[in-house]
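A quick write-up on the structure given underneath.
Here, each number is a calculation from the coordinates, and none is a lab measurement. Model, not experiment: these values are computed from the prediction. Because the Cβ atoms are built from the backbone with ideal geometry, glycine has one as well, and the counts that use them run over all protein chains shown.
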Amino acid sequence: MIGHIDYINLLPFYMFMKRYHYYTTKKSYPAKINKMFEKKIVDCAFISSIKSQNKTCLDAGIVANKKVLSVLVCDGKNKEDFESNTSNILAKVLNVSGEVIIGDKALKKYYDNDVNCKDLATLWYKKYHLPFVFARFCINKKFQKYEHLIELFLKQKIYIPQYILKKYAKRTEISTKQIKEYLNLISYKLNWKEKKSLNKFLKLSKNLK
């Protein structure tokens, strides 16, 4: 069974799974999926980068270069997003105060032109000139099966039908045009730059403790 973060940023992956008839998924938000993975309720999942240390992970993840739009810190009282693990830590690493907001609700806030919010991927890039890895695809069991799945996924350009885009647009109150614009910012392959960035983030997060 595969853990399913039910955000737009993984829509291409789940369209790919549908094509290959992988229907056995557990849907939830990142922090909950992390717990499912830890308890081995799911065989594999994109889990938060901060929780991926010492796990068996492949060279796939959720990556943003220069900006992400869906991970924000907005003006106001310091507050973590209960759906997040990595982004809450990233805000502390970057020493940014305010309310952390992630996922589709953050994306809507961005497209509503909330000028009081900062994009954490942008702040990371300005400081380190590296993309940011928000999650990694990690495995509890059936390694070869899921390794093959990820190899196939990373080789393909995934087409998302208009009816699916409309479904997500209705659910999130974000236009189909904006969804496609957003997905162009997201990549999934971890090459040397992404790994360098991930290692830097994990090292900096340890320094917080």
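Would you please name the residue that is nearest to residue 38 (Cα to Cα), looking only at residues in region 57-90 that are of a type in the set (Asp, Glu) and out of contact with any Ser or Thr (no Cβ under 7 Å at 6 or more places or on another chain)?
83
Collect the residues in region 72-103 that are assigned to a loop (DSSP other than H, G, I, E, B) and over 23 Å from residue 198 (Cβ atoms), keeping them in residue-number order. Full working, then the answer.
Initially, region 72-103 is screened for residues assigned to a loop (DSSP other than H, G, I, E, B), giving 75-78, 80-85, 94-98.
Residues satisfying the conditions are 75, 76, 77, 78, 82, 97, 98.
Does region 86-96 contain at least one residue that is touching a Phe, Trp or Tyr at 6+ places or on another chain (Cβ under 7 Å), of a type in the set (Lys, Arg) and surrounded by fewer than 17 Cβ atoms within 10 Å (Cβ to Cβ)?
No: zero hits.
Okay, residues lined up against (1) of a type in the set (D, E, K, R); (2) over 23 Å from residue 182 (Cβ atoms); (3) touching a residue at least 40 places away in the same chain (Cβ under 8 Å); (4) crowded, with 24+ Cβ neighbours inside 10 Å:
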| position | (1), (2), (3), (4) |
| --- | --- |
| 1 | no, yes, yes, no |
| 15 | no, no, yes, no |
| 18 | yes, no, no, no |
| 36 | no, yes, no, no |
| 53 | no, yes, yes, no |
| 65 | no, no, yes, no |
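Kindly indicate which of 69, 107, 11 is surrounded by 21 or more Cβ atoms within 10 Å (Cβ to Cβ), more than 21 Å from residue 204 (Cα to Cα) and within 12 Å of the chain's Cα centre (by Cα).
69
Return the residue satisfying two criteria in turn: it lies in region 157-188 and is of a type in the set (Gly, Ala, Ser) and surrounded by 14 or more Cβ atoms within 10 Å (Cβ to Cβ), and of such residues it is farthest from residue 8 (Cα to Cα).
In this case the residue turns out to be 187.
Which residue out of 49, 70 is closer than 26 Å to residue 164 by Cβ, touching a helix residue (DSSP H, G or I) at 6+ places or on another chain (Cβ under 8 Å) and of a type in the set (Ser, Thr, Tyr)?
Working: 49 fails: closer than 26 Å to residue 164 by Cβ.
Within the list 49, 70, the selection yields 70.
Filter region 100-118 down to the residues that are out of contact with any Asp or Glu (no Cβ under 8 Å at 6 or more places or on another chain) and not aliphatic (A, V, I, L, M), then identify the one that is nearest to residue 28 (Cα to Cα).
If we take residues in region 100-118 being out of contact with any Asp or Glu (no Cβ under 8 Å at 6 or more places or on another chain) and not aliphatic (A, V, I, L, M), then 104 is nearest to residue 28 (Cα to Cα).
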